[in-house]
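Read through the structure below, which is laid out as structure tokens, and then see the notes.
The values are calculated or read from the model by the stated rules, or taken from the named source; none is laboratory data. If you're wondering where the values come from, they're calculated on a predicted model, not measured in any experiment. All Cβ positions, glycine included, derive from the backbone under ideal geometry; neighbour counts span all protein chains shown. Heads up: the accessible areas ignore ligands, DNA and RNA and are worked out on the full protein's heavy atoms, side chains in. Shrake-Rupley method; radii C 1.70, N 1.55, O 1.52, S 1.80 Å.
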Amino acid sequence: MNLISGCIATYFAFQGDYMLALGFIVLGAVFDFFDGMTARLLHVSSPIGKELDSLADNITFGFAPSAMLFSWLNAQLSMANGQWSIISFAAFLMAAFSALRLAKFNLDERQALGFIGLPTPANALFWASLINGFHWQEMFEPYQLPSYYIYAALALMLVSCFLLVSEIPMFALKFKTWGWRGNEVKYVFVLTSALIIIFLGIPGIAAVIAWYVVLSLVMHKSIRSL
């Protein structure tokens, strides 16, 4: 179901229906969250499940957001130049780096309680919500978006590719206990994220992912300084 959601999200991405593409990426994330839990409850976990999980993740969280970025870049460049541009295809670098990140995750035994590098679902949600924000601005503004939006998007994509395969530790929202002690950062993140989304709406998801990266970097720096 995760993989099928990713395929449908990709279809809507190429159609320029970014809201539905985001919706199916979120649906894929829900299936991805519960698949391991379901396998354990039914006692049907197996090595093939791990491989299928990564394959599905690369469609939903690698290819689908790359298709959204490609479609948006292509539309922007077509309006500017009257034709599509080969620059749009740079968006698919993100799918390649997502595949590399997932392959590294399968082999890395350090990521049981946290992540090394940006998780692919977080990266996908960042791009899906950001592109929706760009698209809504286009609909409500009487003029074409400035060209620097294109350059900023390409630069951010390169940053995303770096973060996906980086060695930067990032916390996971996994709670061993529900108490405040030891979970301070996680609770602060959840509460501030809820406020960000309430005030900014769907584009706020991108701000939440950026906040997650910043918090992870601060935690990493604090731990190293001890």
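Below is a table of values for the structure above.
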| read-out | value |
| --- | --- |
| Region 65-91 - residue that is open to solvent by 50 Å² or more (accessible area, probe 1.4 Å) and hydrophobic (A, V, I, L, M, F, W, C) and, of those, nearest to the chain's Cα centre (by Cα) | F89 |
| Qualifying positions in region 30-85 - of a type in the set (F, W, Y) and out of contact with any Phe, Trp or Tyr (no Cβ under 9 Å at 6 or more places or on another chain) | F31, F33, F34, F61, W84 |
| Selected residue (only one of A210, A152, A172 is touching a residue at least 60 places away in the same chain (Cβ under 8 Å) and not acidic (D, E)) | A210 |
| Among the candidates G28, G62, residue that is of a type in the set (G, A, S), in a helix (DSSP H, G or I), open to solvent by less than 40 Å² (accessible area, probe 1.4 Å) and over 30 Å from P146 (Cβ atoms) | G28 |
| Filtered residue count, region 6-25, keeping only those that are in contact (Cβ under 8 Å) with a residue 40 or more places away in the chain and crowded, with 17+ Cβ neighbours inside 10 Å | 9 |
| One residue from F171, F175 being of a type in the set (A, V, I, L, M, F, W, C) and at pLDDT 85 or above | F171 |
| Within region 38-57, considering residues that are open to solvent by 40 Å² or more (accessible area, probe 1.4 Å) and either part of a loop (DSSP other than H, G, I, E, B) or of a type in the set (S, T, N, Q) (or both), the one modelled with the lowest pLDDT | S45 |
